[in-house]
Amino acid sequence: MACLHDHSCEEHDCSSDWSLYKHVDLSKVSALNEAVSGSVKSVFRAWEQRLNSSEGYLESNEGDPELIVFIPFTSDVKLKSISIVGGADGTSPAKMRAFINRDGIDFSDAQNMQPVQEWDLVENLQGVLEYQTRYSRFQSVGNITLHFPDNFGGDTTQIHYIGLKGEATQLKRDVVATIVYELMPNPSDHKTRAETGGGLSQVE
Amino acid sequence: MVLEATMICIDNSEWMRNGDYSPNRFQAQADAVNLICGAKTQSNPENTVGVLTMAGKGVRVLVTPTSDLGKILACMHGLEIGGEMNLAAGIQVAQLALKHRQNKKQQQRIIVFAGSPVKYDKKVLELIGRKLKKNSVALDIVNFGEEDEEKREKLEALLAAVNNNDSSHIVHVPPGPSALSDVLISTPIFTGDGEGGSGFAAAAAAAAAGGVSGFDFGVDPNLDPELALALRVSMEEERARQEAAAKKAAEEAAKHEKGEQQSTSQDTTMTENVDPGTSEPDKKTHDLTDDENALLQQALAMSMDDSSSTVAVRDTDMSDASADDHDLQLALQLSVQEGAADQSNQTDVNKLLADQSFVSSILTSLPGVDPNDPHVKDLLASMQNQSEPNKEEDKESKEEEKK
């Protein structure tokens with residue numbers, strides 16, 4: 001059910017669907033192996049601006065096409081689909097692997113871990129393709145890490161736009177600033193959600 | 001005040017027994033490590049530092065990144081020297097230790113002390129560097145100890161591969177009289193990318209250099225930070241001005257070297273009167289807890305005030321003044337060439353000694369001052385050596401007043 005835009009956009013109003021960029025916590029967005037530090041923040045824009053990368057785009061370092069983008073949200077979201085606009089001449093990413101609600105993933109972690117979902121991408125310079133998620137797994141996403149291991153043969157990987165479609169809930173994830181390991185177990189610290197009233201149990 | 005987790009890689013190979021850094025390379029390195037740990041933990045209380053050794057039986061992590069300074073200092077105790085440094089493995093283990101830091105929000109940094117020859121070739125090091133850059137780990141390299149061109153090149157190549165936006169640095173410390181830690185204090189490794197030397201660094205510098213109760217100017221930066229900062233800034237400005245003046249004077253001295261043979265007694269009197277007056281701004285650097293020194297300063301200052309008008313009149317032009325002050329130029333020359341043991345210095349020293357007889361004759365005329373007193377002698381020696389740049393600076397300020 002990809003929105004191929006063979007109709008005029010006014011009826012469909014695509015831009016409101018792709019409004020999850022408003023819920024991205026831009027100050028905490030980070031990327032690994034980016035050539036220009038901080039350039040990753042420029043890839044989150046409104047749908048209408050998806051082809052307008054005048055403010056900069058995300059590019060990986062010379063000779064190394066791998067990229068990791070860490071996207072935290074300001075509240076939990078339900079993610080329906082993702083759209084990626086890459087660069088020309090083989091610099092578009094070829095694969096995308098997603099990890100949910102994990103902090104501090106670096107390249108060795110990303111290569112060894114099983115992603116929540118994996119996609120094979122095609123060159124999508126007009127931004128009309130979207131990649132759907134297995135919605136049931138993406139029901140309460142506090143942050144998502146996208147790993148792009150490969151591209152279409154270019155020297156670097158360029159990403160001009162990342163679009164996120166879905167719904168934002170008003171819930172905030174439980175944020176623990178630093179985890180202190182306890183020397184001895186204390187059952188009162190470990191009430192499960194089942195005891196306090198139900199909900200998904202989080203496995204870190 | 002950037003939030004950082006740091007891993008320090010220590011070289012404890014056989015090459016560290018060498019004594020070209022006092023007392024030996026290993027001890028100098030340990031002092032530097034202690035200072036770095038202190039500086040990091042003070043600049044941000046949530047910073048963590050860890051230590052590992054690269055030689056010995058193999059790479060060994062002594063303490064994982066922690067903000068507990070005592071633990072770090074304790075583990076530096078009782079380290080044994082031996083084996084060969086394994087730079088590549090050391091850096092990779094450091095990277096692994098940083099990866100598993102508790103607070104993922106901290107930036108990652110590795111500080112490597114490379115004292116022994118590097119046996120890995122450039123390609124391997126560059127590969128490691130690129131991997132560090134990819135995982136946004138910064139790397140600081142302290143190149144000391146063994147010196148060879150290859151090692152320098154390899155380390156520079158490693159730095160180039162890691163460097164991202166000037167967050168990584170390399171410092172080459174040749175063996176010399178100053179301690180390794182003193183040299184490092186002024187480098188970006190301590191000051192952290194020009195965020196301003198932390199109060200710790202300044203206090204440490206003062207403690208290392210002057211031995212004055214650990215604080216600059218007797219003011220605790222913690223109790224009164226603005227005052228300490230203002231004093232420090234004015235001190236640095238003063239020093240910068242002195243250096244500029246000294247440089248200018250050195251050029252003048254080079255021009256008028258051995259030109260003049262006359263030295264009138266008035267010249268020397270004026271010289272001596274200018275000396276103590278201009279050394280007054282320098283008071284902060286002198287240890288003036290001694291009352292006699294203070295009295296002496298005041299006495300000479302008063303006599304200088306009497307002839308201040310003549311001084312002003314005479315000093316309209318720098319070159320004219322230098323033409324007249326033969327002794328001044330010689331003294332300047334001496335201070336500029338300080339440390340270089342060559343023949344010309346000897347003759348200069350002799351002339352200065354002759355000068356000193358004039359000084360003692362003046363001093364004997366002053367009441368309550370005994371020229372044979374050791375304090376007085378010390379003061380004279382320090383005045384001769386240190387107030388030369390001040391003379392020029394004082395003259396310039398007098399010129400400005402005149403204008």
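The values are calculated or read from the model by the stated rules, or taken from the named source; none is laboratory data. These numbers were taken from a predicted model, which means no experiment stands behind them. Glycine also receives a Cβ, built like all others from the backbone with ideal geometry; neighbour counts cover every protein chain displayed.
Here is a list of conditions, (1) over 13 Å from A:Q158 (Cβ atoms); (2) crowded, with 19+ Cβ neighbours inside 10 Å; (3) more than 14 Å from chain B (Cβ to nearest Cβ), and A:G87 meets all of them except one; can you say which number that is?
(1) is the only condition that A:G87 fails.
Output the residue which, of all residues in the stretch A:110-126 that are more than 13 Å from the chain's Cα centre (by Cα), more than 13 Å from every other protein chain (Cβ to nearest Cβ) and within 15 Å of A:I144 (Cα to Cα), is surrounded by the fewest Cβ atoms within 10 Å (Cβ to Cβ).
A:Q114
Does A:E167 satisfy the condition of being surrounded by fewer than 15 Cβ atoms within 10 Å (Cβ to Cβ) and under 13 Å from the mean Cα position of the chain (by Cα)? Before the answer, list the steps.
Details: surrounded by fewer than 15 Cβ atoms within 10 Å (Cβ to Cβ): yes; under 13 Å from the mean Cα position of the chain (by Cα): no.
So A:E167 fails the test.
Residues being in a loop (DSSP other than H, G, I, E, B) and loosely packed, with under 14 Cβ neighbours inside 10 Å: count how many of those fall in the stretch B:94-103.
Selection size over the stretch B:94-103: 1.
Within 14 Å of another protein chain (Cβ to nearest Cβ), assigned to a loop (DSSP other than H, G, I, E, B) and in contact with a strand residue (DSSP E or B) (Cβ under 9 Å, 6 or more places away or on another chain) - does that describe any residue in the stretch A:127-149?
Looking through the stretch A:127-149, at least one residue is within 14 Å of another protein chain (Cβ to nearest Cβ), assigned to a loop (DSSP other than H, G, I, E, B) and in contact with a strand residue (DSSP E or B) (Cβ under 9 Å, 6 or more places away or on another chain).
How many of the residues making up the stretch A:36-55 are in contact with a helix residue (DSSP H, G or I) (Cβ under 8 Å, 6 or more places away or on another chain) and under 27 Å from B:N164 (Cα atoms)?
Residues meeting the conditions: 5.
Of all residues in the stretch A:49-66 being more than 10 Å from every other protein chain (Cβ to nearest Cβ) and acidic (D, E), which is nearest to B:K134 (Cα to Cα)?
In the first step, residues of the stretch A:49-66 are kept if they are more than 10 Å from every other protein chain (Cβ to nearest Cβ); the result is A:49-59, A:65.
Cutting the leftovers down to acidic (D, E) gives us A:55, A:59.
Numbers: A:E55: 23, A:E59: 12 Å.
Filtering first and then ranking leaves A:E59.
Quick check: anything in the stretch A:31-41 over 22 Å from B:Q108 (Cβ atoms) and either away from every other protein chain (no Cβ under 14 Å) or under 13 Å from the mean Cα position of the chain (by Cα) (or both)?
Looking through the stretch A:31-41, none of the residues is over 22 Å from B:Q108 (Cβ atoms) and either away from every other protein chain (no Cβ under 14 Å) or under 13 Å from the mean Cα position of the chain (by Cα) (or both).
Does A:I71 count as in a strand (DSSP E or B) and among the aliphatic types (A, V, I, L, M)?
In short, yes.
State yes or no: is A:A110 assigned to a helix (DSSP H, G or I) and in contact with a Ser or Thr (Cβ under 9 Å, 6 or more places away or on another chain)?
It is true that A:A110 is assigned to a helix (DSSP H, G or I) and in contact with a Ser or Thr (Cβ under 9 Å, 6 or more places away or on another chain).
Looking only at the stretch B:151-163, count how many residues are within 12 Å of chain A (Cβ to nearest Cβ) and small (G, A, S).
Total satisfying the criteria: 1.
Take the residues in the stretch B:232-252 that are crowded, with 16+ Cβ neighbours inside 10 Å, more than 17 Å from the chain's Cα centre (by Cα) and closer than 24 Å to B:S178 by Cβ; name whichever of them is modelled with the lowest pLDDT.
Residue satisfying both the conditions and the ranking: B:A250.
Results for (1) within 14 Å of chain B (Cβ to nearest Cβ); (2) surrounded by 19 or more Cβ atoms within 10 Å (Cβ to Cβ); (3) more than 24 Å from A:G154 (Cα to Cα); (4) at pLDDT 90 or above, shown as yes or no for each residue.
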position	(1), (2), (3), (4)
A:W47	no, yes, yes, no
A:I68	yes, yes, no, yes
A:V77	no, yes, yes, yes
A:I82	no, yes, no, yes
A:S92	no, yes, no, yes
A:A98	no, yes, no, yes
A:G104	yes, no, yes, no
A:S108	yes, no, no, no
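I want to confirm something. Restricting to the stretch A:7-30 and keeping residues that are in a loop (DSSP other than H, G, I, E, B) and at pLDDT below 85, which single residue is nearest to the other protein chains (Cβ to nearest Cβ)?
A:W18
Mind counting the residues in the stretch B:3-26 that are surrounded by 18 or more Cβ atoms within 10 Å (Cβ to Cβ), under 14 Å from B:F144 (Cα atoms) and either of a type in the set (S, T, Y) or in contact with a His (Cβ under 6 Å, 6 or more places away or on another chain) (or both)?
Here the count works out to 2.
Anything in the stretch B:95-128 that is within 14 Å of chain A (Cβ to nearest Cβ), in contact with a helix residue (DSSP H, G or I) (Cβ under 7 Å, 6 or more places away or on another chain) and polar (S, T, N, Q)? List them, or say none.
If the condition is that a residue be within 14 Å of chain A (Cβ to nearest Cβ), in contact with a helix residue (DSSP H, G or I) (Cβ under 7 Å, 6 or more places away or on another chain) and polar (S, T, N, Q), then B:Q95, B:Q108 are the ones that fit.
Among (1) closer than 22 Å to B:H169 by Cβ; (2) assigned to a loop (DSSP other than H, G, I, E, B), which single condition is B:G56 missing?
(1)
Hey, among B:D182, B:D166, B:D148, which residue is surrounded by fewer than 22 Cβ atoms within 10 Å (Cβ to Cβ), within 14 Å of chain A (Cβ to nearest Cβ) and among the acidic types (D, E)?
The unique qualifying residue is B:D166.
Got a number for residues in the stretch B:129-140 being of a type in the set (D, E, K, R) and away from chain A (no Cβ under 14 Å)?
1
Could you tell me which numbered condition B:G50 fails, if it satisfies all but one of (1) touching a Pro at 6+ places or on another chain (Cβ under 6 Å); (2) surrounded by fewer than 17 Cβ atoms within 10 Å (Cβ to Cβ)?
Here B:G50 meets the rest and fails (2).
What are the residues in the stretch A:95-126 that are touching a strand residue (DSSP E or B) at 6+ places or on another chain (Cβ under 8 Å) and of a type in the set (V, I, T), if any?
Result: A:I100, A:I105, A:V116.
For the stretch A:32-67, enumerate the residues that are of a type in the set (D, E) and under 26 Å from A:D106 (Cβ atoms).
Passing the criteria: A:E34, A:E59, A:E62, A:D64, A:E66.
Within the stretch B:31-66, track down each residue that is within 14 Å of B:N12 (Cα to Cα) and out of contact with any strand residue (DSSP E or B) (no Cβ under 8 Å at 6 or more places or on another chain).
Correct list: B:D31, B:A55, B:G56, B:K57, B:G58.
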